[in-house]
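*Asks:* Got a structure here, written out as structure tokens. Questions coming.
Since every read-out is calculated from the coordinates, none of them should be taken as a lab result. Fair warning: this is a prediction, and the values are worked out from it, not measured in the lab. A quick note on method: Cβ atoms are made from the backbone with ideal geometry, for glycine too, and the neighbour counts reach across all protein chains shown.
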Amino acid sequence: MIFVITGNPGVGKHTITNEISDQLNLPILDINEIAKNAGLFESDGDTFDVDVDKLQTVMMQKTSDSCLIVGHLAPYVLEPEKIDKVIVLRRNPYDLFNIYEQRGYSQEKAQENAGSEVLGVIAFDSMEKFGDKVFQINITGKTIQEISKRVLNILNNRKDTSDNVDWLEIMTNKEDLKKFFAY
């Protein structure tokens, strides 16, 4: 079984992946670490770009029969036929801004990542690539134990459903889109 945990930076992918890995006794493949070790990151100011075509080739070689894959690049570098389930962690964009500030992100980088969460870019791209294998979980205000329980329920085919996450409606209603998008 190959499971994927993805989502925007700051949503808690690695924290939850480590917890699930311990509980299911599955090895972790960290997409960012693999890209870094393969020399596929290129610095671009305060961000890093990666050659997704080359990374996709590397990921095909690294993916085993049973593992837990973590990374925000999952929808761009993994082959759908190899993947059993995809969990997209979602977090309130206002919370993400606080996380990005703690991480020292520039205002531009924070806005870009939080804006991506508002629009649900990784969730949408995951659904486009992996179809009905994708489950969204809104982790806002939840403990690691609560999130892990939900993830395990989904991975173990227990009755749990995908959350319907729509940050855009909330931001529009608050007339707060300028915080997340430069226009």
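*Asks:* What net charge do the residues around Q56 carry, taking every other residue with its C-beta under 12 Å from that of Q56, with Lys and Arg at +1 and Asp and Glu at -1?
*Replies:* +1
*Asks:* Residue by residue through the range 21-35, what is 3J(HN,Hα) from phi via Karplus (6.51 cos²θ - 1.76 cosθ + 1.60, θ = phi - 60°)? Round to whole Hz and write x for glycine and proline.
*Replies:* With coefficients 6.51, -1.76 and 1.60, one gets 4, 4, 6, 9, 6, 10, x, 9, 10, 9, 4, 5, 5, 4, 4 Hz.
*Asks:* Just the Cα atoms of the range 113-168: what Rg and Dmax do they give in Å?
*Replies:* Cα radius of gyration and Dmax of the range 113-168 are 12.0, 32 Å respectively.
*Asks:* For a Förster distance of 22 Å, can you work out the FRET efficiency between the beta-carbons of M60 and K36, rounded to the nearest 0.05?
*Replies:* 0.80
*Asks:* Provide, in order from the shortest bin, the percent of all Cα-Cα pairs of the range 53-117 in each 10 Å bin, continuing until the bin that contains the maximum pair distance.
*Replies:* All Cα pairs considered, the percentages come to 18, 38, 27, 17, 0.
*Asks:* Still on this model: Among bridges DSSP assigns within the range 3-154, what percent are antiparallel (round to 5)?
*Replies:* 20
*Asks:* Local charge sum around M1 (other residues, Cβ-Cβ under 11 Å, Lys/Arg +1, Asp/Glu -1)?
*Replies:* Local net charge: 0.
*Asks:* Next up: Please list log₁₀ I(q)/I(0) at q = 0.17, 0.19 Å⁻¹ for the chain, using the Debye equation with identical point scatterers on the alpha-carbon positions.
*Replies:* -1.14, -1.39
*Asks:* Can you run phi through the Karplus equation (6.51, -1.76, 1.60; θ = phi - 60°) for the range 88-98 and list ³J(HN,Hα) in whole Hz, with x for Gly and Pro?
*Replies:* With the stated coefficients, the range 88-98 comes to 9, 7, 10, 9, 3, x, 5, 5, 4, 4, 5 Hz.
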